[in-house]
Protein chains: 4
Amino acid sequence: MNMAMQMMEMHAAEMPATGMDMALMQECIEACSACEQACTMCASSMMGDEMMKCTSMCMNSADMANTMMRMMMRPSGMHAPSMMTALQATMSMSNACAEECMMHAETSDDARMCADVNRQLAASCQKMMDAMAGMMPTRA
Amino acid sequence: MNMAMQMMEMHAAEMPATGMDMALMQECIEACSACEQACTMCASSMMGDEMMKCTSMCMNSADMANTMMRMMMRPSGMHAPSMMTALQATMSMSNACAEECMMHAETSDDARMCADVNRQLAASCQKMMDAMAGMMPTRA
Amino acid sequence: MNMAMQMMEMHAAEMPATGMDMALMQECIEACSACEQACTMCASSMMGDEMMKCTSMCMNSADMANTMMRMMMRPSGMHAPSMMTALQATMSMSNACAEECMMHAETSDDARMCADVNRQLAASCQKMMDAMAGMMPTRA
Amino acid sequence: MNMAMQMMEMHAAEMPATGMDMALMQECIEACSACEQACTMCASSMMGDEMMKCTSMCMNSADMANTMMRMMMRPSGMHAPSMMTALQATMSMSNACAEECMMHAETSDDARMCADVNRQLAASCQKMMDAMAGMMPTRA
């Protein structure tokens with residue numbers, strides 16, 4: 001993680017909007033990574049018929065978190081409006097996943113912990129969007 | 001592809017909103033798959049300094065298309081509001097990627113073809129969203 | 001699919017080993033894509049406690065198939081020895097997944113169809129490896 | 001990361017081979033994650049015509065590292081022989097990527113750092129394979 005963050009800082013100047021808050025973005029990258037990992041494990045440990053929905057939502061959240069993380073790690077391809085909609089999609093998915101996981105929190109420690117990590121990612125996406133709003137020039 | 005589509009049809013009844021247009025969704029899945037493939041190739045064939053942006057945007061679009069495709073292939077985890085934001089994010093990313101690719105269309109056949117495939121995905125996402133709007137029950 | 005294949009043919013000359021059988025590689029790419037899709041669906045439709053293993057193996061096979069597909073779609077980065085080990089890993093994973101899916105074939109049409117698609121991918125990887133063996137220069 | 005590791009420890013008993021070294025596996029998961037991140041950034045910052053190969057190899061390594069990481073995070077789907085071939089493929093890919101990145105280390109800090117992270121992943125995979133050899137029951 002540290003090395004990727006050092007690499008990212010070397011590219012801060014290339015970001016399409018100067019003033020992009022690097023600390024927030026690094027926090028969001030770490031939240032994506034944590035969420036992908038927790039969701040992957042959670043999806044693999046669900047048991048019983050009623051868990052199918054939770055497994056599938058966790059896999060969706062893991063994939064979306066990974067895509068979001070990669071988008072933030074490609075400074076030269078950063079495009080503010082796409083970034084905003086991707087953050088919105090990630091937040092929506094991780095909130096929905098957290099909600100579903102919480103329904104199994106009593107019986108599954110995985111699900112409870114996975115819900116936490118999803119909520120952290122949703123909060124981090126919200127912070128990113130707040131910081132980007134107003135700052136980014138509008139491009140189609 | 002055919003077999004996955006057959007599998008999908010067996011699960012049509014589980015979809016959270018009855019009346020989900022399976023033909024549209026299958027078209028969108030194929031558009032995602034085509035876009036991931038074209039973008040992966042395009043990102044790997046860009047040359048010259050000014051192409052870095054195009055490479056990165058293609059990789060973003062490939063990842064987003066793959067995530068979107070997988071979300072549509074998990075009927076048991078389908079959650080309408082997350083699906084809508086993900087379709088929006090995919091459309092936004094593939095439109096941005098198409099626009100960037102078109103800037104290199106004169107000199108790169110890859111870029112021109114990749115732009116076409118991205119535009120097809122964006123159009124397919126729009127159709128999905130139009131079909132879903134009004135049909136899906138609103139959940140947080 | 002067609003467009004990516006057209007793009008691939010434009011890059012045939014860049015392949016590290018001249019004589020790479022394009023038809024075989026395209027068949028393998030399609031097998032990867034079909035396998036990722038079938039496994040993603042199958043993993044999302046498993047029910048009951050004993051299905052956890054099948055779900056997890058399907059997700060592994062889906063991820064491996066996607067990685068393998070992408071490796072074949074990046075002509076400029078093709079490195080024969082890595083390709084060979086990746087084909088070996090993909091074949092090993094899809095065979096293991098097919099074997100696990102077959103245990104549920106009586107009760108699940110998804111699992112039976114998913115097993116078929118996995119076996120097709122394994123066979124396609126074997127053909128690729130046979131074609132590459134002897135043809136590729138050995139590098140560490 | 002910490003939470004996923006806690007989750008993993010709760011599932012240690014489900015691992016197919018008791019005695020699986022959890023510390024080694026966690027180290028390998030972190031190495032995969034670091035490698036995916038560094039490679040994603042490196043692939044997005046390469047400049048000039050001769051960098052195309054490096055970009056493509058970095059993307060291959062990022063995808064393989066992600067797949068390997070996910071395979072380790074699905075305890076219920078762990079299948080020793082597939083795991084071994086996947087570790088071999090990951091090691092082969094990250095070594096090849098490190099070698100290519102080192103050719104650009106003089107002029108690119110990204111490439112130099114990315115090479116380091118790839119080498120760390122290759123070493124971690126080797127350690128995993130050493131620990132697994134002899135320990136795992138052989139299955140087809």
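The values are calculated or read from the model by the stated rules, or taken from the named source; none is laboratory data. From a predicted model like this one, the values you see are computed outputs, not experimental measurements. Here the Cβ is made from the backbone with ideal geometry for all residues, glycine too, and neighbour counts use every protein chain on show.
Please verify whether residue C:7 is closer than 18 Å to residue C:116 by Cβ, modelled with pLDDT under 85 and crowded, with 23+ Cβ neighbours inside 10 Å, treating the condition exactly as stated. No: the conditions fail for residue C:7. Which pairs do you get when a residue that is under 24 Å from residue B:68 (Cβ atoms), found in the stretch B:92-107, comes within reach of a residue that is assigned to a loop (DSSP other than H, G, I, E, B), reach meaning Cβ atoms under 6 angstrom, with the pair 6+ apart or on two chains? What qualifies is B:96/A:79.
One line per residue, one yes/no per condition, for (1) more than 7 Å from every other protein chain (Cβ to nearest Cβ); (2) buried (at least 24 other Cβ atoms within 10 Å of the Cβ); (3) β-branched (Val, Ile, Thr):
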| residue | (1), (2), (3) |
| --- | --- |
| A:36 | yes, yes, no |
| A:55 | no, yes, yes |
| A:76 | no, no, no |
| A:80 | yes, no, no |
| A:83 | yes, yes, no |
| A:101 | yes, yes, no |
| A:112 | yes, no, no |
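The sole residue among A:93, A:51 that is buried (at least 24 other Cβ atoms within 10 Å of the Cβ), within 13 Å of chain B (Cβ to nearest Cβ) and under 25 Å from residue D:30 (Cα atoms) is A:93.
The one condition from (1) under 19 Å from residue A:40 (Cβ atoms); (2) at pLDDT 85 or above that residue D:15 does not meet is (2).
So which of D:76, D:44, D:56 ends up being on the phi < 0 side of the Ramachandran plot, polar (S, T, N, Q), modelled with pLDDT under 90 and in contact with a Gly (Cβ under 9 Å, 6 or more places away or on another chain)? It is D:44.
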